[in-house]
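First the structure, in the form of structure tokens, and then the observations on it.
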Amino acid sequence: MATSAAATSSRLQELAQRHLWLHFSRMGAYGEQHEIPLIVKGDGCYVWDDKGKRYLDGLSALFCVNIGHGRQDVAQAGADQAAELAFFTNWSYAHPPAIELAAKISELAPGDLNRVFFTSGGSEAVEAALKMARHYHKLRGNMNKTKVIAREIAYHGCTLGALSATGVTAMRTPYEPFTPGGCHVPNTNLYRMPHGMGVEMLAESVRERIEFEGPETVGAVIMEPVQNAGGCFTPPAGYFQRIREICDEYDVLMISDEVICSWGRLGEFFGAQRYDYQPDIITTAKGITSAYAPMGAAIVSDKVFEPFAQGTSTFLHGVTFGGHPIASAVALANIAVFEEEGILDNVREHEGTFRGMLESLRDLPIVGDVRGAGYFHAIELVRDRETKQTFTHEESETLLRGYLSTELFDRGLICRADDRGDPVIQLSPPLIAGPEQFEEIESVLRPVLEEACNRMHL
Ligand SMILES: Cc1ncc(COP(=O)(O)O)c(C=O)c1O
């Protein structure tokens, strides 16, 4: 690296360590021995760090950059909009990009999801959906339908309302108390079903919980099509259809949290389309703009919107930047890329090859399970494959933070080693990736997992 570039790099590193507060990060871990990774450039499936080293972005920059990095046309759409009208709010006003985008999303979304409430990101989308559900029931005279049923270990965002639905104990306890009403039921971890529990019982647990809480107190169920936290839990056949029936029976709204699972991640515009169910609200963010600008949305059915369309009733909720013109213009350009360049087709064509590559790692004794759908997969790591024995907390620390995270990154692969549930490695590449990138992923994962086996004495 040239001297001036090296000087810039070390200055940025110093400033980052002094002033930047990284999200969900152990800030005490950084120092002279452990630098904060600085990513400075992206193109396609790859990003580069400040020292010029290239990485395969196997996580789409946190499930975001669905069409890949470095699209000048999408960036230009934002710049053009900034020059025309950089900002006006959706609080009582509209502007062309938000209108066009709301109409486009309604066209793509399943069934009668025809109304779009924009936010700045995913937590805000969930927050809006939860408040909408409460208000919807109140407007219809059901004053106590305030509780929300979510699943264990699921992540639905970090704002206090969304956090009450989030089912990750470690993320909840430091911030309690928060909005009351969050109830949790088993997730669809099919690899670790409780002894004697049939898969059909998973949906029934929602029914039982509604009965237990009192149906007059339950307003919504919130679930991801494929649950991210815990490692890409897919639903068993018929699961969401049964959840839909239960929601209808008890007048409970079904919220499909698709902050990750929409915009092609599962090979469809929306995850609900992949599993063929009809939610009342879809929450989305991330891939809606492929993260070329921050944006989220709650996409709402005609049924849910109906009481808000009457008389003086008003959804008393809003965020200044919801439907930001630049983000809206970028989202429209992003969706045009999906439509013109066959992004969904690419996922459908290659997801089998992606899955096959991950399955091929099953010969390694540390690989307990491979699961997921589309371009959204996880490998669960186990101490003993026969008994499915997992690692202890200390072992998991050593394995994930002491070895895998840094080693995979040092070898040029960005993915996620996570233990919000049992330890997993998650991969979620840009939707333009294909066999070449999958081979590259394998060429890093295999030797690193082999070495992990050695280190854990497997
Ligand atoms: C399913 C789900 N819901 C909500 C959120 C929160 O989104 P954001 O980080 O944009 O606030 C996330 C974030 O990853 C998510 O995966």
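The values are calculated or read from the model by the stated rules, or taken from the named source; none is laboratory data. On a predicted model such as this, the values are computed, not experimentally measured, just so you know. Note: ideal-geometry Cβ built from the backbone for every residue, glycine included; neighbour counts use all protein chains shown. SASA here: full protein model, heavy atoms, side chains in, ligands and nucleic acids out. Shrake-Rupley method; radii C 1.70, N 1.55, O 1.52, S 1.80 Å.
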Which residues make up the longest stretch of the chain that has no GluC sites (Glu not before Pro) in a DSSP loop with at most 14 other Cβ atoms within 10 Å?
-> 33-385
Which ³J(HN,Hα) values, rounded to whole Hz and listed in residue order, are derived for segment 283-290 from phi using the Karplus coefficients 6.51, -1.76 and 1.60 in 6.51 cos²θ - 1.76 cosθ + 1.60 with θ = phi - 60°, glycine and proline given as x?
-> 9, 9, 5, 6, x, 4, 10, 6
Using modelled backbone amide H atoms (1.01 Å from N, in-plane), which distant-in-sequence or interchain residues come within less than 5 Å of Arg416's amide H?
-> Gln426
Per its Cα gyration tensor (rounded if a/c is under 1.5, else prolate when a/b beats b/c, else oblate), the chain is best filed as oblate
Collect residues whose amide H, placed 1.01 Å from N in the peptide plane, falls under 5 Å from the amide H of Phe269; neighbours closer than 5 in sequence don't count.
-> Gly264
First compute the accessible area of the chain with a 1.4 Å probe, then give the percent of it belonging to carbon and sulfur atoms.
-> 54 percent
Based on DSSP, what percent of beta bridges with both residues in the chain are antiparallel, to the nearest 5?
-> 65 percent
Other-chain or far-sequence residues with amide H under 5 Å of Thr119's (modelled H) = Gly296, Ala297, Ala298, Gly323
Using a ≥ b ≥ c from the Cα gyration tensor of segment 358-458 (square roots of the eigenvalues), is it rounded, prolate or oblate, where a/c under 1.5 gives rounded and otherwise the larger of a/b and b/c decides, a/b for prolate?
-> prolate
Specify the inter-centroid distance of segment 208-279 and segment 400-447, based on alpha-carbon positions, in whole Å.
-> 28 Å
At 222 nm, what helix-only mean residue ellipticity would the chain give, in deg cm²/dmol to the nearest 500, using -39500 (n - 2.57) for each DSSP H run of four or more?
-> -11500 deg cm²/dmol
Lys and Arg at +1, Asp and Glu at -1: add these up for the other residues within a Cβ distance under 11 Å of Ser313 and post the number.
-> +1
Segment 128-207 versus segment 38-83: alpha-carbon centroid distance in Å | 34 Å
24 Å Cα-Cα reach of Lys388 towards lysines, excluding residues that sit fewer than 8 places from it in its own chain | none
Can you bin segment 367-426 into rounded, prolate or oblate? Criterion: square roots of the alpha carbon gyration tensor eigenvalues sorted a ≥ b ≥ c, rounded for a/c under 1.5, prolate for a/b above b/c, oblate for the rest.
-> oblate
Quick one, could you list the DSSP H helices from the chain stretching 20 Å or more along their long axis (Cα atoms) with average Kyte-Doolittle hydropathy of 0.5 or above?
-> 325-341
Give me the accessible area per residue for segment 93-252, probe 1.4 Å, as a whole number in Å².
-> 40 Å²
Give the cross-link partners of Lys41 among the lysines, using a straight C-alpha distance below 28 Å as the criterion and excluding same-chain residues fewer than 8 apart.
-> Lys51, Lys53, Lys286
